[in-house]
Amino acid sequence: MDSGGWSRRRFVGALAGGAAAAALPSCDDAPAPATSPTTAPEASASPSREARRPSGPRPLYLGTYTSVEGGGKGIGLATYDAATGRITGTGTVTGVGNPSYLAIHPDRRTLYAVDEREDGAVTAVRLADRKVLGSRSTGGAGPCHLSVHPGGRWLLSANYGSGSVAVHPIDASGALGERTDLVRHSGPPPGPGQEGPHAHQFVTSPDGGHVLAVDLGTDTVYTYRLDEKAGTLTEVAQAQTRPGAGPRHLTFHPGGRYAYLANEVDNTVAVCSYDPPSGRVTVGEAQSTGTGSGTSYPAQILVTSNGRYAYLANRGHNSLTRYAVEGDGARLRLLDTVPVGGDFPRQIAFSPEGTLLFAANQKSSTVTVFHVDEADGELRRAGESFPSPVAVCALPL
């Protein structure tokens, strides 16, 4: 483990919450999600989007840190109104330590959480009865991101503290098996100001042919081929950012040929091209976040399902940057920045229909919600912020 890097992550707010709100009551009366996946929204006019918007409360899961003062007691349970964006707290799943990032299985029956601790782990929770199905070691320190491979058989996780990525099998019940692979990023050498690798994200490409790891410490996006029978990884390509960029989070355009990279350290974003046959990523020129000089620790970037707009969370600036996406995904054009209404927006997420955007604000211990205008991409606050202890992840279903 690279203790210096782990300390730096704490410094920029990974384990530091501001004045935290009171913990949610420990109960389990949130409605269970549907057992079939939600149909992905189409690029269509607003009336059809409104027609697809469900009625009644929808599940919302909240990640936190349990090891800090004012932190949560586990995974927060809540519901939200898909029309108004209003959030209502309903309970907590206890027994999960530092669940700072969450992901859902494609069948929506199982929730997965990282246990962001020195001795890192990943945990599975059955949603029907909120039963914790057990945890498995990630083989590294400070896991900060995880995702489920589209086939539903493998869980991918990134260990920030030790700069490695791990693969775990998922059985028919949704529970996790023992790790099948662990790869530490041993090259290239760390970037300026870094003492080692710091894997920050591990995701599958839209075509399903490759899995990609973003490493802040080595300024590199690694492409792997996943053996879907054995659960092992083979590296096939590397893409370097400019030195010292500190890449953190990659999001693909719906077309699958371009992706957008948020660079935490040098306060930029970059458009990347992606070649599906080879898995090769090419990183484009650094672009402004619209937040002025210095760094605002860009955290996460999202793209609307119609591919027309992108949004970037800026933790230091406490804002969301809005971009117009042009050239079928090849270009980003800066439009404006919008106050997030909280302190240190660590993570952002769309509702399944794309009509709402949720921002988890770590230092203010709040979740803010915005209506997303499909026509022009404008964001409009949806009522008051929801108090959630050291909010670092919001997962709406």
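The values are calculated or read from the model by the stated rules, or taken from the named source; none is laboratory data. Note that this is a predicted model, so its numbers are computed, not measured. Virtual Cβ from ideal backbone geometry, glycine too; neighbours counted across all protein chains shown. Protein only, heavy atoms only, side chains kept; ligands, DNA and RNA dropped before computing areas. Shrake-Rupley method; radii C 1.70, N 1.55, O 1.52, S 1.80 Å.
Some points to look at:
- Residue within segment 161-183 that is in a loop (DSSP other than H, G, I, E, B), of a type in the set (S, T, N, Q) and open to solvent by 20 Å² or more (accessible area, probe 1.4 Å) present: yes
- Taking each residue of segment 381-396 that is of a type in the set (Gly, Ala, Ser) and looking for partners that are modelled with pLDDT under 95 with beta-carbon atoms closer than 7 Å, six or more apart or interchain, yields Ser388/Ala21.
Per-residue answers, yes or no, for (1) at pLDDT 95 or above; (2) of a type outside the set (D, E, K, R):
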site: Glu69; (1), (2): no, no
site: Lys73; (1), (2): yes, no
site: Ala82; (1), (2): yes, yes
site: Ile87; (1), (2): yes, yes
site: Thr90; (1), (2): yes, yes
site: Gly97; (1), (2): yes, yes
site: Tyr101; (1), (2): yes, yes
site: Arg108; (1), (2): yes, no
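- Some residue of segment 113-123 being surrounded by fewer than 24 Cβ atoms within 10 Å (Cβ to Cβ) and on the phi > 0 side of the Ramachandran plot: no
- Pro99 under 20 Å from Arg126 (Cβ atoms) and in a loop (DSSP other than H, G, I, E, B): yes
- Note on segment 340-374: residues that are at pLDDT 95 or above and assigned to a loop (DSSP other than H, G, I, E, B) amount to 15.
- Test: residue in segment 243-257 that is surrounded by 19 or more Cβ atoms within 10 Å (Cβ to Cβ) and in contact with a helix residue (DSSP H, G or I) (Cβ under 7 Å, 6 or more places away or on another chain): yes
- With respect to the conditions (1) of a type in the set (S, T, N, Q); (2) closer than 25 Å to Gly354 by Cβ; (3) surrounded by fewer than 20 Cβ atoms within 10 Å (Cβ to Cβ), Thr94 falls short on a single one, namely (2).
- Test for Thr268: is it touching a His at 6+ places or on another chain (Cβ under 6 Å), farther than 20 Å from Ser205 by Cβ and either open to solvent by 20 Å² or more (accessible area, probe 1.4 Å) or β-branched (Val, Ile, Thr) (or both): no
- Considering the conditions (1) assigned to a strand (DSSP E or B); (2) open to solvent by 10 Å² or more (accessible area, probe 1.4 Å); (3) within 22 Å of Thr355 (Cβ to Cβ), Tyr323 is excluded by exactly one of them, (2).
- Members of segment 233-259 that are part of a loop (DSSP other than H, G, I, E, B) and farther than 29 Å from Asn306 by Cβ: Arg242, Pro243, Gly244, Gly246
- For segment 220-232, residues that are open to solvent by 10 Å² or more (accessible area, probe 1.4 Å) and either in a loop (DSSP other than H, G, I, E, B) or touching a residue at least 60 places away in the same chain (Cβ under 8 Å) (or both) total 5.
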